[in-house]
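Asker: Take a look at this one; I'll ask things after.
Where a number appears in this text, it was derived from the coordinates with a stated rule and is not lab data. What you are looking at is a predicted structure, and each value in this text was computed from that prediction instead of being measured. Quick reminder, even Gly has a Cβ in these numbers, built from the backbone with ideal geometry, and neighbours come from all protein chains shown.
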Amino acid sequence: MLALHRSTLLGCAAALAGIFGLFVFSGSAKPPQAWTWIDIVGEGGTTLMCALWLVFLLDGRPRGRVTRLLAGGLAAVLLAAWTDCLDEFFQVDKLQRWDNLLEGTLMPVGVILLTAGLYFWREEQSALSRQLRKRERLFREHRAFDRVTQLADAEYLVQQIRLELSGQQATSGALVLFDIDDFHRINHTFGPSEGDRVLQAVAQVMLLNLRNADLLCRYAGDRFAVLMPGRDAAQALRHAARLARAIEGLTHHTCADDQAISFTVRYSASSIDGEPEALLGALNRAIEHPAHWATHAA
Ligand SMILES: Nc1nc2c(ncn2[C@@H]2O[C@H](COP(=O)(O)OP(=O)(O)OP(=O)(O)O)[C@@H](O)[C@H]2O)c(=O)[nH]1
């Protein structure tokens, strides 16, 4: 991860060296008897800690606004502490005042940048938590993820349907099955790894449009299932239509040559009652034979 931020680290090292150069050329070295050790340890320690925080931060974060603000803030505080520390070793003509100006400007700028960075970081964390809550049901109990989409598989779906059926609620919920039309053509035209990317994109769009209580599974191949607790078939069908519009509004661009791929989906929905395998069989038939669909969609 640090390699991503090479220019930031180099810029910071250059600024540290620049400030050192300023002291060397515009100041005169203090004799060791004039050094105040307590200040050197305090200010040097602060400089070292800020440098470590900066490295930890850059090592753990991708590029982006939050990283830029936090790194900029930490770098400014680091440079202020470095200036303060060098003050202990060099005598600067106070008439020049640049060291006070440097220290006095860098510290507040650093603190303001850090505050802004922490504010946006908080926003980023709540957006991530919202996303994770949608997968929480998956993480809580599921171990075998689908390799491509990281969603639960059909086996887990069946377990969860059984769990819903054993619940005390008046309505156990609904199940919707989606199928991407002519998916084999995407594989055939653009290759299976592009097909995998399409499956991942569809999964993401669906997750974005689901409630936290809904469970999205990769049922098989190009088929996705959504378990919607507390919804009846009619509500599930309305929601399925919205999800289908969201998926069909997606344009996927191929990695290799940026070709646009869009697709259509079919879906069927039913309230959950009876054996999960029978229910899934009926929804599969409904998707494959649209004439049958009306019966199950109702
Ligand atoms: N890239 C990729 N392809 C997969 C994966 N799993 C299954 N497939 C392919 O998905 C395709 C599904 O083909 P079909 O069942 O005929 O579905 P379809 O092409 O959408 O046809 P219709 O359902 O009739 O519209 C097959 O070509 C499978 O090889 C996977 O994990 N990744």
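Asker: Note down the relative contact order for the chain as a percent, whole number, built from C-alpha pairs under 8 angstrom at least six residues apart. Numbers along the way, then the final one.
Answerer: Details: 397 pairs, mean separation 45.8, N = 298.
Reported relative contact order: 15 percent.
Asker: Still on this structure, please answer the following. Please state the relative contact order of the range 2-134 as a whole percent: Cα pairs under 8 Å, 6+ residues apart?
Answerer: Taking the mean separation of contacting Cα pairs over the length of the range 2-134, I get 31 percent.
Asker: Give me Rg over Rh for the chain, both radii from the alpha carbons and Rh done the Kirkwood way, two decimal places. Please list the in-between numbers first.
Answerer: On the way: Rg = 29.4 Å, Rh = 23.7 Å.
Over the Cα atoms of the chain, Rg/Rh equals 1.24.
Asker: Whole-Å semi-axes of the range 1-114's equivalent ellipsoid, largest first, each the root of 5 times a Cα gyration tensor eigenvalue?
Answerer: Values: eigenvalues 152, 38, 31 Å².
So the three semi-axes of the range 1-114 are 28, 14, 12 Å.
Asker: What number comes out for the charge environment of THR189, summing +1 per Lys or Arg and -1 per Asp or Glu over other residues with Cβ under 12 Å away?
Answerer: Its environment carries a net charge of -2.
Asker: What shape does the range 142-297 have by the C-alpha gyration tensor, where a ≥ b ≥ c are the square roots of the eigenvalues, rounded means a/c under 1.5, and otherwise prolate means a/b greater than b/c and oblate the rest? Spell out each step's value before the answer.
Answerer: On the way: a/c = 1.96, a/b = 1.66, b/c = 1.18.
Prolate, because a/c is 1.5 or more and a/b exceeds b/c.
Asker: Taking springs between alpha-carbon atoms closer than 10 angstrom, which of LEU243, LEU280, LEU102 fluctuates most in the Gaussian network model of the chain?
Answerer: LEU102
Asker: What percent does the relative contact order of the range 142-297 come to when contacts are Cα pairs within less than 8 Å and at least six residues apart?
Answerer: Working: 249 pairs, mean separation 45.9, N = 156.
Relative contact order here is 29 percent.
Asker: Compute, for the chain, the length of the dipole vector about the Cα centre, with Cβ point charges of +1 (Lys, Arg) and -1 (Asp, Glu) only. Units Debye, rounded to 20. Let's see the in-between values first.
Answerer: Numbers: 29 positive and 32 negative charges, 91 e Å.
That gives a dipole near 440 debye.
Asker: Rounded to the nearest 500, what is the chain's calculated 222 nm mean residue ellipticity when only DSSP H runs of at least 4 contribute -39500 (n - 2.57) each, over all residues?
Answerer: The helix contribution divided over the chain gives -21000 deg cm²/dmol.
Asker: Pick from PRO31, PRO276, PRO192: which is most flexible by mean-square fluctuation in a GNM of the chain where alpha carbon atoms under 10 Å apart are linked?
Answerer: PRO31
Asker: While we're looking at this one, here's another question. Distance between the C-alpha centers of the range 2-71 and the range 167-244? Whole Å please.
Answerer: The distance from the Cα centre of the range 2-71 to that of the range 167-244 comes to 50 Å.
Asker: If you don't mind, another one. Which is farthest toward the positive dipole end of the chain among SER126, LEU57, HIS253, measuring Cα position about the Cα centre, with Cβ charges +1 (Lys, Arg) and -1 (Asp, Glu)?
Answerer: SER126
Asker: When the dipole is taken about the Cα centre of the range 24-134, and only Lys, Arg (+1) and Asp, Glu (-1) are charged at their Cβ, what size is it in debye, to the nearest 20?
Answerer: 880
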